[in-house]
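A.B. asks: Quick one: the structure is below, and I'll ask about it shortly.
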Amino acid sequence: MTIYNFSAGPAVLPKEVLQQAQAEMLDWQGSGMSVMEMSHRGREFMGIAAKAEADLRELLGIPGNYKVLFLQGGASMQFAMVPMNLLRGKASADYLNTGEWSKKAISEAKKFGAVNVVASGADKNFSYVPDFSTWQFDKDAAYLHITPNETIGGVEFDWLPDVSVPIVADMSSNILSRPIDVSRYGVIYAGAQKNIGPAGLTIAIVREDLLGHVADGTPTMLDYKTHADNESMYNTPPTYGIYIAGLVFQMLKEKGGIAAMEKTNIAKAKLLYAAIDGSGGFYQCPVAHANRSRMNVPFTLKDAALDGAFLKEADARGLLQLKGHRSVGGMRASIYNAMPLEGVQALASFMGEFARANA
Ligand SMILES: *Cc1c(COP(=O)(O)O)cnc(C)c1O
C-alpha cells in the first residue's frame, strides 16, 4: 500500500531525497564518512553547505545584498530574534494578526517593545485576511511582521502591503511553494520541518542593511550578524539538516524550480477544495475562498461524531495524520511540495466514498 503522509510538520519529504540520503548514509560520495560524522569546518561539509545556499539562492532568486543564514531554534526563536535585531532603537513594531502563529509572534515581540496590531482576523475566528485598506499603522514602527501562511488556520495570502518599513515574513509553511520577490522583504524566515527538510534547521534570509543593530546585551547567538559574519558556522550548525535541505533544493531545481512547484500546488489545492465544496455540505472549510491556503487545508465533517471513523478508515488506506490541530478540531490535510498529486487524488476519492457511505 502506498502511504501518504498529510502531517503539518515535521512533514513528508520527497522519497527520492530520502533514498539518496539512505544510499549515502554510511559513505558520503566516497569520503568514507556519514555526513553526520563530518566536521562542519571540513572541506566536505563546507562544500555541502555552500551548494545548499547557492541552490536556495537560485531557486528563490535571492539578491546579493541578502544573507542566507542556517540557524537553530525553530521559527519560534525567530519570534524573539526579529524584535531583538530589527527594532534598531525604535520602541514599536507593526504586526498583522492572521491566526495562531501571528499571535505567538506578537506575544513574544511584546517582551522587547510595543506591538501595534495593524489588523486582526479575530472577529471572524481567523478565517480571512483583513483587507489592506483597513490596516492601521504606527508611523514610528521599526518593521511590519506578517505570516503569509497560517499553518493551523489554513489562511494564506500572496500580496504584499505597500509600506516603507522592512517587511518580515514567517514563511515556515509556504516557503518554496510559490515564487516570491525577495527584494520586497527585510527578513524571511522559516523552520525547515514543513516545506524544506528535517526539524532542527531554521533558515533566515536577511537584508544586509538590517544587520548589526542589536540592542546592547543581546546574546551573541541571537544576533543575525554573528551568523552572517561567520557563514552560519559561528558554532556548530545543524549539519545533517542542512545536507537534507540541500538535497531537497537540488531536487526542486531538477523538477523545474518554484514555478513548476507552484503549478502542481495549485492543481493539488484545487482538487482538495473541490472535494470539500462539492460534498453538498458533508465537508466544510471555514476559510474565505480568497484566503484558502494551498499548503494546509483544514476541514470539518458536518457530523463531528464521524471524525473517529473518518480517521480510522483514512488510516487503513494509508492516508495518515489527517487529524486537525487540537485548537480547531476536525481535519487538516497538509499538502506541501513533497506531497505528490497522487496523494491528494487518493484523499479526494476517499473523501467522496466516505461521504456517500455516511450521508
Ligand atoms: C510551525 C510553525 C512555527 C513554529 O515553528 P517551530 O520550528 O516549531 O518553532 C511558526 N510559524 C509557522 C507559520 C509555523 O508553521
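A.B. asks: When you take every Cα atom in the chain, what is the radius of gyration, and what is Dmax, the widest Cα pair distance, in Å?
C.D. replies: So, for the chain, Rg and Dmax equal 20.8, 64 Å respectively.
A.B. asks: I've got another one for you. Counting only protein heavy atoms and a 1.4 Å probe, tell me what percentage of the chain's accessible area is made up of carbon and sulfur.
C.D. replies: Here it works out to 51 percent.
A.B. asks: Next question, about the same structure. For a quick protection proxy, order the peptides 204-216, 16-28 by their average other-Cβ count within 10 Å, most packed first. Intermediate results must be reported in sequence, preceding the final value.
C.D. replies: Values: 204-216: 17.3, 16-28: 13.8.
Final packing ranking: 204-216, 16-28.
A.B. asks: So how much slack lies between A290 and Q29, counting 0.36 nm per residue of separation and subtracting their Cα-Cα distance, in nm? Could you put the intermediate results ahead of the total?
C.D. replies: On the way: separation 261, 0.36 × 261 = 93.96 nm, distance 4.67 nm.
That works out to 89.3 nm of additional length.
A.B. asks: Additional query: Where only protein heavy atoms count, and the probe is 1.4 Å, what is the accessible area per residue for the chain in Å²?
C.D. replies: Values: 15380 Å² over 359 residues.
Here the residues of the chain average 43 Å² of exposed surface.
A.B. asks: Taking all pairs of different Cα atoms in region 179-318, averaging 1/r and flipping that mean, what Kirkwood radius in angstroms comes out? Could the numbers behind the result be given before it?
C.D. replies: On the way: mean 1/r = 0.0527 Å⁻¹.
Here the Kirkwood hydrodynamic radius works out to 19.0 Å.
A.B. asks: Here's a follow-up. Please work out how much length the chain gains when fully extended from S164 to Q19, using 0.36 nm per residue of separation minus the C-alpha to C-alpha distance, in nm with one decimal. Let's see the in-between values first.
C.D. replies: Working: separation 145, 0.36 × 145 = 52.20 nm, distance 4.55 nm.
Additional length available on full extension: 47.6 nm.
A.B. asks: Shifting gears a bit: Sequence gap at least 6, Cα distance under 8 Å: using those rules, report the relative contact order of the chain to the nearest whole percent.
C.D. replies: Taking the mean separation of contacting Cα pairs over the length of the chain, I get 24 percent.
A.B. asks: When the helices in the chain are scored as -39500 (n - 2.57) per DSSP H run of 4 or longer and the sum is shared across all residues, what 222 nm value do you end up with, to the nearest 500 deg cm²/dmol?
C.D. replies: On the way: 9 runs with 122 residues, N = 359.
Mean residue ellipticity, 222 nm, calculated: -11000 deg cm²/dmol.
A.B. asks: Describe numerically, in nm with one decimal, the distance between label points set 7 Å from Cα along Cα→Cβ at S133 and at A91.
C.D. replies: Result: 3.3 nm between the two label points.
A.B. asks: Let me ask you something else. Counting every Cα pair in region 256-358, what percent are over 23 Å apart?
C.D. replies: Details: 1089 of 5253 pairs.
That fraction is 21 percent.
A.B. asks: Expressed as a fraction of 2.2 N^0.38 Å, the rule-of-thumb size for a compact globular protein of N residues, what is the C-alpha radius of gyration of region 14-128? List each step's numbers first, then the result.
C.D. replies: Values: Rg = 20.2 Å, N = 115, 2.2 N^0.38 = 13.4 Å.
My calculation over the Cα atoms of region 14-128 gives 1.51.
A.B. asks: Share of antiparallel DSSP beta bridges in the chain, in percent to the nearest 5?
C.D. replies: Numbers: 21 of 37 bridges.
Approximately 55 percent, going by the DSSP bridge assignments.
A.B. asks: Less than 12 Å apart at the alpha-carbon level, and either on another chain or at least 8 residues along: which aspartates and glutamates does that give for K67?
C.D. replies: Result set, ordered by chain and number: E53, E208, D209, D229, E231.
The values are calculated or read from the model by the stated rules, or taken from the named source; none is laboratory data. This structure is a prediction, so every number in the text was calculated from the model and none was measured. With ideal geometry, Cβ positions are generated from the backbone for all residues, glycine too; neighbour counts draw on all protein chains shown. For the accessible areas, the whole protein counts, side chains as well, though only heavy atoms, and no ligand, DNA or RNA atoms are used. Shrake-Rupley method; radii C 1.70, N 1.55, O 1.52, S 1.80 Å.
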